[in-house]
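**Student:** Dropping a structure here in structure tokens format, bear with me for questions.
The values are calculated or read from the model by the stated rules, or taken from the named source; none is laboratory data. On a predicted model such as this, the values are computed, not experimentally measured, just so you know. Neighbour counts are summed over all protein chains in view; Cβ atoms, including those assigned to glycine, are modelled from backbone coordinates with ideal geometry.
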Amino acid sequence: MSMNRFVYSPVLFALCVSVVSSSPADKNDLLTYRNAEGQSHPVHNAADWAKRRDQILEHMQLVMGPLPDVSRKVPLDVQVTEVVATPQYVRKKLTYAAEKTDRVPVYLLIPREARGKLPAVLCLHQTVSIGKGEPVGLGGKPNLRYAVHLAERGYVTLAPDYPSFGEYPFDFARSGYQSGSMKAIWNNMRAIDLLESLPEVDAKKIGCIGHSLGGHNTMFTAAFDARIQALVSNCGFTSFSKYYGGKLKGWTSDRYMPRIASVFELKPDKVPFDFPEVVASFAPRAFLASAPLHDDNFEVSGVRDCMTAAQPVYELLGAKDKLAANYPDCGHDFPPEARKVAYDWLDRWLK
């Protein structure tokens, strides 16, 4: 299947949201697409799937707002403010320009024994006040220090602050974005631009990992940026109908997707996209869902439903082995046994 490095789908905001046909059956029937007249057609091949995938991204933008055009890009203008050497890696604190009036704070970890170009992983944090500090080991939970763990395994890792966390104050009301989710997607795409610019990084071997907020942030970014070749979402998603029994308020703050409430009435059947479609959008790239059996945020049977629905797309594209799930016997956490599966998955596809 051919995929552009960036996907800037036509924005549908000029159309009335009410004309979007997106029943629950549509969201799970991934091998059917609709033409311009609304007629259903079967997906037989990669070209047909590309049409269905474009519609998924269009529907995501109805909820998140439009993905910015490339004209929004400015020079990264990387500014390093701190360098700390550890026995295994060098940690740099820096900012980069996501757009003209906005700089994103990040930590960059580079293995000290780097030889040649290395794979890189974008490491996205959970809902935590210290933001990027947690995955790089500066406080927070030891189980969530995946930027450090992966740097110790030989990856260049980059951990940005999500808007409004860590050292990144953000006024969503004045940002011009319809959602915090889309702003984060754009920032993460620029973070991948940064990784590609580094002499230590193999631009063809870029991955992404995250827990909770970082888990679905990983997924949303990978849907729109095909440069992410392998990704892991831990405790990051379930189907909307099984998120607290279909009570979607948790998705609707300015940090996330307020249109779920203001336009789509907090009703799963009215939200134009769902996570089976997001998972399928990664095909044929490598995706691991790490979904604990006792996660009280993201109900595990909804994860199973999403993975089952997406499997036929991966099979169609000849990538059956690139879709996997791990269901550790724990709660909303990322314990060592679950991390081992996740890190081995990234090693398999990026090393």
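**Student:** Taking the stretch 72-96 only, how many residues are touching a residue at least 60 places away in the same chain (Cβ under 8 Å) and in a strand (DSSP E or B)? Walk me through how you get there before you give the answer.
**Tutor:** So the first thing to find is which residues in the stretch 72-96 are touching a residue at least 60 places away in the same chain (Cβ under 8 Å), and the list is 72-73, 76, 78, 88-89, 96.
Applying the additional criterion that residues be in a strand (DSSP E or B) yields 89, 96.
Counting residues in the stretch 72-96 that are touching a residue at least 60 places away in the same chain (Cβ under 8 Å) and in a strand (DSSP E or B) gives 2.
**Student:** When both residues are 6+ apart or on different chains and their Cβ atoms are under 6 Å apart, which pairs have a first residue that lies in the stretch 54-71 and is farther than 11 Å from R259 by Cα, and a second that is part of a helix (DSSP H, G or I)?
**Tutor:** From residues that are farther than 11 Å from R259 by Cα, the pairs are I56/E277; I56/S281; L67/F224; P68/W186.
**Student:** On to the next question. More than 13 Å from the chain's Cα centre (by Cα) and either within 18 Å of G302 (Cβ to Cβ) or in contact (Cβ under 8 Å) with a residue 24 or more places away in the chain (or both): is that true of V201 in this structure?
**Tutor:** yes
**Student:** Somewhere in the stretch 58-67, is a residue among the polar types (S, T, N, Q) and part of a loop (DSSP other than H, G, I, E, B)? Reasoning before the result, please.
**Tutor:** Our first condition is that a residue be among the polar types (S, T, N, Q); within the stretch 58-67, this holds for 61.
After this cut, where a residue has to be part of a loop (DSSP other than H, G, I, E, B) as well, the list is none.
No, the conditions are met nowhere in the stretch 58-67.
**Student:** So which residues in the stretch 265-280 are surrounded by fewer than 22 Cβ atoms within 10 Å (Cβ to Cβ) and of a type outside the set (A, V, I, L, M, F, W, C), if there are any at all? Reasoning before the result, please.
**Tutor:** Step one: of the stretch 265-280, the residues surrounded by fewer than 22 Cβ atoms within 10 Å (Cβ to Cβ) are 265-270.
Across the stretch 265-280, the qualifying residues are E265, K267, P268, D269, K270.
**Student:** Okay, moving on. Kindly list, by first and then second residue, each pair from a residue in the stretch 331-349 that is in contact (Cβ under 8 Å) with a residue 40 or more places away in the chain to a residue that is of a type in the set (F, W, Y), limited to pairs with Cβ atoms under 7 Å and residues at least 6 apart or on different chains.
**Tutor:** Note: pairs meeting the criteria are R339/Y146.
**Student:** Evaluate the following for D296: is it assigned to a helix (DSSP H, G or I) and not polar (S, T, N, Q)?
**Tutor:** Numbers: assigned to a helix (DSSP H, G or I): no; not polar (S, T, N, Q): yes.
So D296 does not fit the description; no.
**Student:** With within 18 Å of the chain's Cα centre (by Cα), in contact (Cβ under 8 Å) with a residue 40 or more places away in the chain, assigned to a helix (DSSP H, G or I) and surrounded by 17 or more Cβ atoms within 10 Å (Cβ to Cβ) as the only criterion, which of A310, A283, A289 stands out?
**Tutor:** Details: A283 fails: assigned to a helix (DSSP H, G or I); A289 fails: assigned to a helix (DSSP H, G or I).
Testing whether each residue is within 18 Å of the chain's Cα centre (by Cα), in contact (Cβ under 8 Å) with a residue 40 or more places away in the chain, assigned to a helix (DSSP H, G or I) and surrounded by 17 or more Cβ atoms within 10 Å (Cβ to Cβ) leaves just A310.
**Student:** Only one of P142, P169 is surrounded by fewer than 24 Cβ atoms within 10 Å (Cβ to Cβ) and either within 27 Å of M257 (Cα to Cα) or in contact (Cβ under 8 Å) with a residue 24 or more places away in the chain (or both). Can you tell me which?
**Tutor:** On the way: P142 fails: either within 27 Å of M257 (Cα to Cα) or in contact (Cβ under 8 Å) with a residue 24 or more places away in the chain (or both).
Checking each option against the conditions leaves just P169.
**Student:** Moving on to the next point. Criterion first (buried (at least 24 other Cβ atoms within 10 Å of the Cβ), in a strand (DSSP E or B), touching a Leu at 6+ places or on another chain (Cβ under 7 Å) and in contact (Cβ under 8 Å) with a residue 40 or more places away in the chain) does A230 satisfy it? Let's see the steps before the verdict.
**Tutor:** Details: buried (at least 24 other Cβ atoms within 10 Å of the Cβ): yes; in a strand (DSSP E or B): yes; touching a Leu at 6+ places or on another chain (Cβ under 7 Å): yes; in contact (Cβ under 8 Å) with a residue 40 or more places away in the chain: yes.
Yes: the conditions hold for A230.
**Student:** Quick one: in the stretch 97-144, of everything that is of a type in the set (G, A, S) and either modelled with pLDDT under 95 or within 18 Å of the chain's Cα centre (by Cα) (or both), which residue is farthest from S253 (Cα to Cα)? It would help to see each step written out before you state the result.
**Tutor:** Kept after step one, since they are of a type in the set (G, A, S), are these residues of the stretch 97-144: 97-98, 114, 116, 120, 129, 131, 133, 137, 139-140.
Imposing the further condition that a residue be either modelled with pLDDT under 95 or within 18 Å of the chain's Cα centre (by Cα) (or both) reduces the set to 98, 114, 116, 120, 131, 139-140.
Values: A98: 22, A114: 41, G116: 43, A120: 31, G131: 17, G139: 26, G140: 23 Å.
Selected residue: G116.
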